[in-house]
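Input: a single structure, listed below in structure tokens.
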Amino acid sequence: MEQVIQVAVLCLLGALVTLLLKKGSPETALLLSLGIGVAALLFLLQDAEEIVSFLGELMERTAVPQEVFLPLFKTIGIALVARTGSDLCRDAGESALASLVETAGSFCAVLVSLPLLRAVLSLLLELM
């Protein structure tokens, strides 16, 4: 809870400063915005180990094979990267590139999910 408050305050302050800088130096404002985004992500990654260890524990305790969980984890990572990348492109005024990043993220998510989709298909074929 406190992490989201700290990140929100950091981003709001950064947004205010970038708004002030955007009039005189839009390049500097964009770089500041990127720097604040990287700082916020690094701050959040400090607690990522706890999430990763829980997901590992979840894989160990369930009877579901690792091949099912792995595409899920990869898809989550792809979604986060694609969303962040497209938002950054949109902020830079490049909506066409933002759409391309979103399309690439969707394509990669489907590609990563193919082993899972193949397993579901084979299960369905066995049931028929």
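None of the figures in this text is laboratory data; all of them are computed from the coordinates on show. Treat the numbers as computed from the prediction; the structure is a model and nothing was measured. Ideal geometry is used to build each Cβ from the backbone, glycine not excepted, and the neighbour counts take in all protein chains shown.
Points to keep in mind about this one:
- Coil-residue trypsin sites (Lys or Arg not before Pro) of the stretch 81-128, DSSP, other Cβ within 10 Å capped at 11: none
- When the square roots of the Cα gyration tensor eigenvalues are ordered a ≥ b ≥ c, the ratio a/c for the stretch 1-46 is 1.5 or more and a/b does not exceed b/c, which makes its shape oblate.
- Since only Thr62, Cys89, Ala119 are under comparison, the one whose Cα sits farthest along the positive direction of the charge dipole of the chain, derived from C-beta charges on Lys, Arg, Asp and Glu, is Cys89.
- Equivalent ellipsoid, the chain (semi-axes from 5 times Cα gyration tensor eigenvalues, Å): 38, 21, 8
- Relative contact order (%) - the chain, alpha-carbon pairs under 8 angstrom, separation at least six: 18
- Whole-Hz couplings from phi, Karplus 6.51/-1.76/1.60, listed for the stretch 29-44; x for Gly and Pro: 5, 5, 5, 5, 4, 4, x, 5, x, 5, 4, 5, 5, 4, 4, 6
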